[in-house]
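Nothing in this text is a laboratory measurement; each read-out follows from the coordinates by a stated rule. Predicted, not measured: the structure shown is a model, and the values here were computed from it. Cβ: placed from backbone, ideal geometry, glycine included. Neighbour counts: every protein chain shown.
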Amino acid sequence: MRWLGRNRLLTLLMVTPSIVIVGVFLLVPLLIVVAYSFAERDSYGGVVPAFTFNNYAQLLDPIYHPIMWGSLELAAINTLLALAIGYPIAYFIAFRAGRWAPLLLVLILVPFWINFLIRISAWIVLLGRGGLINATLQAFGIIDEPVRMLGTYGAVQVGLLYAFLPSAVLPIYAALQPINRTLLEAAHDLGANPLQSFLRVTLPLSLSGVMAAVLFVFVPSMGVFAIPVLLGGGKEIIIGNLIVQLFLEFRNIPLGAAVSVILLLASSLGILLYMRALRKIELARS
Amino acid sequence: MTSEVAVALKDVEKSFETRARKEAAGDEGKIFAVRDVNLDIRRGEFFTLLGPSGCGKTTTLRMIAGFEQPTLGQIFIQGQPLAGVPAHLRPVNTVFQSYALFPQMSVFDNVAFGLKVKGVARDEIRRRAGEALELVRMSEMGGRRPSELSGGQQQRVGIARALVNRPAVLLLDEPFGALDLKLRKEMQLEIKNMQRQLGITFIFVTHDQEEALTMSDRIAVMNRGRVLQVGSPVDIYERPSTRFGADFIGEMNFIEAGRLAFPLPAGVSADKAVLAFRPEAVKFHEGEEHADRLGLDAVVADTIYIGTDLRYILNLAEGQRVVLRSQNSAGAGRDVLQPGARVRLSVHKSDIRILTE
């Protein structure tokens, strides 16, 4: 009994640093944001403690609807594009690349070694008026005048896709790679042509990876703010920008906090649904 | 009896280029997985490819299935050449050693897979898949997932999944390799009966000589990519044509012919020939010498009691080792010869094979 007590004390002692770190640096800021979202602002941009739903009510204002829907649309399109391009890449690495597979995986990871902002800034160089793409097209005489790319919706979409494509490729690869190749031979042997064996065997078995990819791309795409600012000229306002604007420019911290909480809830709901669907797949499989 | 050929292999070779040193790769800088294989497998036959791992038996099977292409030579099914025909269009189906059942599908859907991809009508799928499950006595399990089944049950599903397509030839790649001995014996008899009932040509791959002898109509013994001998189980066991085959199948005593005064057929040189005879052909000699028996002097080195049999390890006066096996009749266990005992052995000359390869 005494030994058990001592053991428990020791365990507690060992996990304390983790609890403190998670608590102080993750949970407390989160709670502050939640508390702010129910607070009021004073005329100087400060936060006045209160308990009001006014901030949330304010968000029902139609002025915010295009931002909400726009973000949703941008994230949804980005997710679809990332899947459409990421799945074939992951498939190629898992099934066709052979001994080149490790190298290709490293190439996909390399961008992560460079700061996100710098990578996005590089796209300014590519897309700008005198940028690499315009210069090349002009040099070959395909266009006479530089095409305006920077500062457009398209540039934001391209930037988002670039930023989140690895987040789609990696989980899909992780789901495809362990698929027993004998299963594909069996499908082939039983009369399935390549398309049929993909649709009936490979795709269903990689579904958990596809769903992880959706989660990894969709949720952060909603909250991103640097890409629209740098590539979209700040005009394409999405939720991420809205939060930054409310906090830093309008000094309406409670309203910004309310938007953050809503984004957090939406993301959590997405994760919850994902976990549920995943459990269903796992259940079906075991 | 006119025997129609179901599968024919003509001069089939499967080789790989290699960058390894020439000595290791052989004369042509290639590694041969299968070489000069010529086989005529008859319709309705239970045909076994038997050999140790790496002998080319599985590669041969995979070439028939269409998973691999021969480097040289041709494969025919019912007279049709298979070159360029992809696996999904061949009239063969495979039973895999690892079962290879689709984990995301129910047992029934696994069995129905081949019919579904061919666009067979739903009613017919239900009927035929049901029949196939019945054939392997798995009707009750249609709704289960493969992971809920034991290894033996999974392989039954694998067999049903292949047979439901009514293949001209069923290919079985060590289907019982992952099963325990008792279950394996049960499945062997079951498969054999099923094959007789259905009359489908089975090509069976195994490294287990006992399994091959139990089940097959004919056996092809393979080693190092080549077929050494094709014949019935009796041929293969009693009249092996090569030293490898004699050694691989069952237990065999070998004595270099040069050490004994044994009459060899004309044209066979004594320093290349080996006399081979089974342990059960060796007897303790009683009475007079016979002209039709080979007599040997030996000393008992060891006695092994294995229940049904007694095995004696004997050292010959000529310096070689011979195994004698005698059936353990009731009470024989009591007066077993002790190590060191001098004995006279005899082997009937008709039980001795002279092998030169």
Computed for the protein assembly as shown: size of charge dipole around the Cα centre, +1 on C-beta of each Lys and Arg, -1 on C-beta of each Asp and Glu, debye to nearest 20, value 940 debye
Listed by chain and number, the residues whose amide H is under 5 Å from that of B:THR71, excluding neighbours fewer than 5 places away on the same chain and using placed H, are B:GLU13, B:LYS14, B:SER15
The protein assembly as shown: antiparallel bridges as % of DSSP beta bridges, rounded to 5, reads 75 percent
Here the Cα Rg-to-2.2 N^0.38 Å ratio for the stretch B:201-357 is 1.14
Largest fluctuation, B:ASP309, B:ASP173, B:ASP208 only, Gaussian network model of chain B with Cα springs under 10 angstrom, belongs to B:ASP309
Inter-part gap, Cα centre of the stretch A:119-160 to Cα centre of the stretch A:96-116, in whole angstrom, is 25 Å
For the stretch B:263-349, using Cα atoms only, the Rg and Dmax in Å read 14.3, 47
So for the stretch B:129-185, using the alpha carbon gyration tensor with a ≥ b ≥ c as root eigenvalues (a/c under 1.5 gives rounded; past that, a/b versus b/c decides prolate or oblate), I'd call it oblate
Binned at 10 Å starting from 0, the alpha-carbon pair-distance distribution of the protein assembly as shown in whole percents comes out as 3, 11, 15, 15, 14, 13, 11, 7, 5, 3, 2, 0, 0
Residues whose modelled amide H sits under 5 Å from the amide H of B:VAL282, counting only those 5 or more places away in sequence or on another chain, are B:ARG325
For the stretch A:199-208, Karplus-derived ³J(HN,Hα) couplings (6.51, -1.76, 1.60; θ = phi - 60°; whole Hz; x for glycine and proline) come out as 5, 9, 10, 4, 4, x, 6, 9, 4, 4
Sorted on mean Cβ neighbours within 10 Å (highest first), peptides A:251-260, B:316-325, B:236-245 come out as A:251-260, B:236-245, B:316-325
Note on chain A: contact order normalised by length, alpha-carbon pairs under 8 Å, 6 or more apart, percent, works out to 26 percent
Counting sequence-distant residues (5 or more places) and residues on other chains, those with an amide H built under 5 Å from that of B:VAL95 are B:LEU171, B:LEU172, B:ASP173
If unit charges are put on Cβ atoms (+1 for Lys and Arg, -1 for Asp and Glu) and the dipole of chain B is taken about its Cα centre, the option from B:ILE125, B:GLN155, B:CYS55 lying farthest towards the positive end turns out to be B:ILE125
To the nearest 20 debye, the stretch A:74-195 has a Cα-centred charge dipole, built from +1 on Lys and Arg Cβ and -1 on Asp and Glu Cβ, of 240 debye
Dividing the alpha-carbon radius of gyration of the stretch A:131-286 by 2.2 N^0.38 Å, where N counts its residues, gives 1.45
Percent of all alpha-carbon pairs of the stretch A:9-156 at distances over 24 Å, whole number, is 69 percent
Per-residue ellipticity at 222 nm attributable to helices in chain B (runs of n ≥ 4 DSSP H, -39500 (n - 2.57) apiece, nearest 500 deg cm²/dmol) works out to -7000 deg cm²/dmol
Contact order relative to length for the stretch B:180-293, counting C-alpha pairs under 8 Å separated by 6 or more residues, stands in percent at 15 percent
Hull volume per residue for the stretch B:189-236, using the convex hull of the C-alpha atoms, in Å³ is 77 Å³
GNM on chain B, Cα springs under 10 Å; top mean-square fluctuation among B:LYS182, B:LYS30, B:LYS14 goes to B:LYS182
Given the candidates B:VAL205, A:LEU278, B:LEU294, the one whose Cα lies deepest towards the positive end of the charge dipole of the protein assembly as shown, counting +1 at each Lys or Arg C-beta and -1 at each Asp or Glu C-beta, is A:LEU278
Ranked by GNM mean-square fluctuation in chain B (Cα springs under 10 Å), the top entry among B:ALA212, B:ALA291, B:ALA129 is B:ALA291
If the chain between A:LEU9 and A:ILE124 were fully extended at 0.36 nm per residue, the gain over the current Cα-Cα distance would be 35.8 nm
The size of the Cβ-based charge dipole (Lys, Arg +1; Asp, Glu -1) of chain A about the Cα centre, to the nearest 20 debye, is 1040 debye
For the stretch A:185-196, in residue order, the Karplus 3J(HN,Hα) values (coefficients 6.51, -1.76, 1.60; θ = phi - 60°; whole Hz; Gly and Pro = x) are 4, 4, 4, 4, 4, 7, x, 7, 6, x, 5, 4
Quarter of the surface of the C-alpha convex hull for the stretch B:129-279, i.e. direction-averaged projected area in nm², equals 11.6 nm²
Checked against the positive end of the charge dipole of the stretch A:71-214 (+1 on Cβ of Lys and Arg, -1 on Cβ of Asp and Glu, about the Cα centre), the farthest of A:ALA75, A:GLN157, A:LEU126 is A:LEU126
Rh (Kirkwood, all Cα-Cα pairs) for the stretch A:102-178, Å, reads 14.4 Å
Cα-Cα longer than 26 Å, checked against B:LYS10/B:LYS30; B:LYS14/B:LYS182; B:LYS30/B:LYS57, kept in input order, equals B:LYS14/B:LYS182
Partner shielding of B:84-90, as the mean number of partner chain Cβ atoms within 10 Å, equals 4
re the stretch B:4-146: pairs of Cα atoms spaced beyond 23 Å account for a percent value of 51 percent
The ³J(HN,Hα) series, computed from each phi in the stretch B:243-251 with the Karplus coefficients 6.51, -1.76 and 1.60 at θ = phi - 60°, rounded to the nearest Hz and given as x for glycine or proline, is 5, 4, x, 5, 6, 6, 9, x, 10
The relative contact order of the stretch A:134-278, taking Cα pairs under 8 Å that sit 6 or more residues apart, comes to a percentage of 25 percent
The ratio Rg/Rh over the Cα atoms of chain A, Rh being the Kirkwood inverse mean 1/r radius, stands at 1.06
Compactness check, chain B: C-alpha Rg relative to the 2.2 N^0.38 Å globular estimate gives 1.19
Expressed to one decimal in nm², the mean projection of the alpha carbon convex hull of the stretch A:68-136 is 6.8 nm²
